[in-house]
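The values are calculated or read from the model by the stated rules, or taken from the named source; none is laboratory data. Just so we're clear, the structure is a prediction, and the values are computed from it rather than from any experiment. In this analysis, Cβ positions are derived from the backbone assuming ideal geometry, glycine residues included, and neighbour counts consider all displayed protein chains. Ligands, DNA and RNA are stripped out before the accessible areas are found, and what is left, the full protein with its side chains, is counted by its heavy atoms. Shrake-Rupley method; radii C 1.70, N 1.55, O 1.52, S 1.80 Å.
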Amino acid sequence: MSCGCNVFNEIGSGGCLAGGSASTTVETIGGGVVCGGCARVEIYQDVYDGLEFCLPLNESGLTYYDRTANNLDGTAVAPYDPSQADGVFCSLAADFDGDSSQFITLPQDSIPANQSFTISGWIKIDTMFKTRRIFSRGYDNGSDKWVFNFGYSFINHLMAGIQTTDGTSTTNNEVYSSQRLSQDKTYHVSCVYDGSLSVFINGVLAGTNDIITGDVISQTNGGYISRFNDGAFHSGLIQELRLHPVAKSAGWLKAEHDNFCSSGFFTVGEEEEII
């Protein structure tokens, strides 16, 4: 099977006829020449610059390496083998079974409490009828002191929650997609916090909560992949999880979905009917 993935180091361009040359970068994928010579592609040395972390989640064992210079490597509770099934980058993906021993602990990131951020990644859901989480920020040994969580509901509506305070009380602000995620299909999912909280499915806006007041509570510790508040373990695949310390635009998220994989090579899920 051919690979439908457009990974950073696989971007290419070329062609020549009779003199001269052309250069392209990872942001300018095109070019060519008019009169011979050669065409050259230049890939930035640090393609993950600007990300808070990027975890491909394609390793076996206990350590899951952050590709950024921040070195926010994840640590698994128990070793398990990644799965090739439906991996969108023609590489391995972490395969979680929804069990309490299968989650990854992350160090605390450096994004300040009220700063905008974006989380994005690729997932495949194996089950339904149980609330599960993909990623959470800020925990305190199982007590309810999380800052942000991202996952899906009892009937697989994509969701996110962020906690704010007015100085005396704490509010859990949530957003849900109007569509459901199907089982056993691959999705690009993302969430943006920029004062509002929005979720996206395959790069398309799926739900927004723009009535958020107060200050976002400060992180108390690190985070989790496939765990939230001592439970809600994900069942299925997670791949290429990225935390950005800025709010990415809807156009940027659509481009991240569209440019990294071709739907002709694997099954990309569409949203189900509103429930």
*Thr118: closer than 14 Å to Phe228 by Cβ, under 18 Å from the mean Cα position of the chain (by Cα), surrounded by 15 or more Cβ atoms within 10 Å (Cβ to Cβ) and not acidic (Asp, Glu), yes or no?*
no
*May I ask you to verify whether Phe266 is modelled with pLDDT under 90 and surrounded by fewer than 21 Cβ atoms within 10 Å (Cβ to Cβ)?*
yes
*Restricting the stretch 47-98 to residues that are more than 17 Å from Glu240 (Cβ to Cβ) and in a loop (DSSP other than H, G, I, E, B), which is modelled with the lowest pLDDT?*
Asp81
*Identify, please: which residue in the stretch 204-214 is part of a loop (DSSP other than H, G, I, E, B) and of a type outside the set (A, V, I, L, M) and is, among those, surrounded by the most Cβ atoms within 10 Å (Cβ to Cβ)?*
Gly214
*Can we say Asp258 is within 16 Å of the chain's Cα centre (by Cα) and either open to solvent by less than 30 Å² (accessible area, probe 1.4 Å) or modelled with pLDDT under 95 (or both)?*
yes
*Looking only at the stretch 215-249, which residues are more than 17 Å from Gly121 (Cβ to Cβ), open to solvent by 50 Å² or more (accessible area, probe 1.4 Å) and not charged (D, E, K, R)?*
Ser218, Thr220, Asn221, Asn229, Ser249
_Given the condition assigned to a strand (DSSP E or B) and modelled with pLDDT under 90, answer yes or no: does some residue in the stretch 141-157 qualify?_
yes
*How many residues does the stretch 177-203 contain that are open to solvent by 50 Å² or more (accessible area, probe 1.4 Å) and over 21 Å from Ile225 (Cβ atoms)?*
1
